[in-house]
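The structure appears below as C-alpha cells.
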Amino acid sequence: MKRKNLLVILTVVCMLFLLSLACKQSGEIITSAEATQRYESTQAAKTGDLIVELEGAKFALGDVVNLASEGYLVGLFREAGARTAFSYATRGDEVTVVSSADFDGVTWYKIESTAGNGWLPETNLTTD
C-alpha cells in the first residue's frame, strides 16, 4: 500500500513538473491592447495584394528582371519575409516586378512568373 501511495505521489509531482515546463515555454502573457499592437505591426509588413513601391528600391514596378540563385531553383514565398517557399521557378527565368516592400531591413519584391506570383528577396533578382 505504501508503495502504491509513493507511486501516485511521484506521478503527480512529475506531471506538475512537466506542466510547469510547458507553461514556461508557452510564451508570455500580454494584454489584449499589446496583442493588438503586435498584430497590427506584423500586418504592416504583409502587403498582400497591395501594390507598393518602396522608395530607393533597386527595381521599379513593371521592370522585367531575371531570377538568380546559387542553385537551379528559386523559391517563391507567399509574403515578404516568409521562410517556406510555396513554389519554385528556374534560375534565369524572366519575371515582372509587381510590388516591393522592406522586411527586417531586406528589400523584397513581389513578382509575376510562370511558376506563380510570389515574393523574393532582392538577392534573387538580377538584370543580367
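Mind checking Rg over Rh on the range 47-126, alpha carbons, Kirkwood formula for Rh? Kindly include the intermediate steps, with their values, before the conclusion.
Details: Rg = 11.1 Å, Rh = 12.1 Å.
My calculation of the ratio gives 0.91.
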Measuring from label point to label point, each 7 Å out along Cα→Cβ, what is the V13 to K58 span in nm?
6.0
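Hey, can you rank 7-15, 115-123 by average C-beta count inside 10 Å, highest first?
Numbers: 7-15: 10.0, 115-123: 18.8.
Per-residue mean Cβ counts within 10 Å order the peptides as 115-123, 7-15.
Bear in mind these aren't lab numbers, they're just calculated from the coordinates by the rules spelled out. The model shown is predicted, which means the values in this text are computed figures rather than measured ones. Here the Cβ is made from the backbone with ideal geometry for all residues, glycine too, and neighbour counts use every protein chain on show.
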